[in-house]
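Derivation of every value follows stated rules applied to the coordinates shown; laboratory data play no part. Here the structure is a predicted model, which is why all the values come from computation and not from measurement. A quick note on method: Cβ atoms are made from the backbone with ideal geometry, for glycine too, and the neighbour counts reach across all protein chains shown.
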Amino acid sequence: MPLKRSTILIIDSDLGSVFWLGQVLDAAGCEALPAKNVPDAKSLLAELKVMVDLLIVRSSMPGAAAFAESLCRSQGSLKTIGLRADDEELPAVKPQMDAWLHTPFVNDETARFHYLGLISRVLGKGLMLSAVLLATAGDFR
């Protein structure tokens, strides 16, 4: 019986970063769902009727904290990773996250291993890291 693919919802207005990370996660055996804002993410989840294993969201995005909290309550075992830039201030109500990733993403093999390693630790399962490097080598240079 095949293993269940982790479903990861990525919400950020920088769609280039969202799609890049989505490709990396797909190559690692995950199902990545991109959204540019919280309302789009809500619509996507309602349309697909899927449970999410991991939420990766820009922490300063309007409604991010409330959405993450609501999704955690409704899905129970949901894990969360916040995205933030080094120069970005956290909102007054800092969302509770399991981990943080800094952006902009660096598109090299070392960075991909770092991002996937963090995501793997938060999910509590191994991702196919070597497959990612083979599948995406040269795609982002």
Study note, to complete from the structure: For segment 8-17, Karplus-derived ³J(HN,Hα) couplings (6.51, -1.76, 1.60; θ = phi - 60°; whole Hz; x for glycine and proline) come out as 10, 9, 10, 10, 6, 6, 7, 5, x, 5
Exercise for review: Positive end of the charge dipole of segment 24-87 (Lys, Arg +1 and Asp, Glu -1 on Cβ, about the Cα centre): tell me which of 75, 44, 32 has its Cα farthest that way.
Suggested key: 75
Exercise for review: Using packing as a proxy for protection, rank 118-125, 19-26 so that the peptide with the highest average count of other Cβ atoms within 10 Å comes first.
Suggested key: 19-26, 118-125
Exercise for review: Give the long-range amide H neighbours of residue 31: residues separated by 5 or more places, or on another chain, with amide H under 5 Å away, using H modelled in the peptide plane at 1.01 Å from N.
Suggested key: 6, 7, 8
**Study point:** Cross-link reach list, aspartates and glutamates versus residue 42, counting only Cα pairs under 19 Å and skipping chain neighbours closer than eight places
**Key:** 12, 14, 31, 53, 69
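What is the fewest-to-most order of 51, 97 by other Cβ atoms lying within 10 Å of their Cβ?
Values: 51 13, 97 21.
With the sparsest Cβ surroundings first, the list reads 51, 97.
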Point to revise | Simple spin-label estimate for residue 5 and residue 77 in nanometres, 7 Å along Cα-Cβ | key: 1.9
**Study point:** FRET efficiency estimate (nearest 0.05) - Cβ-Cβ, residue 47 to residue 102, R0 35 angstrom
**Key:** 0.70
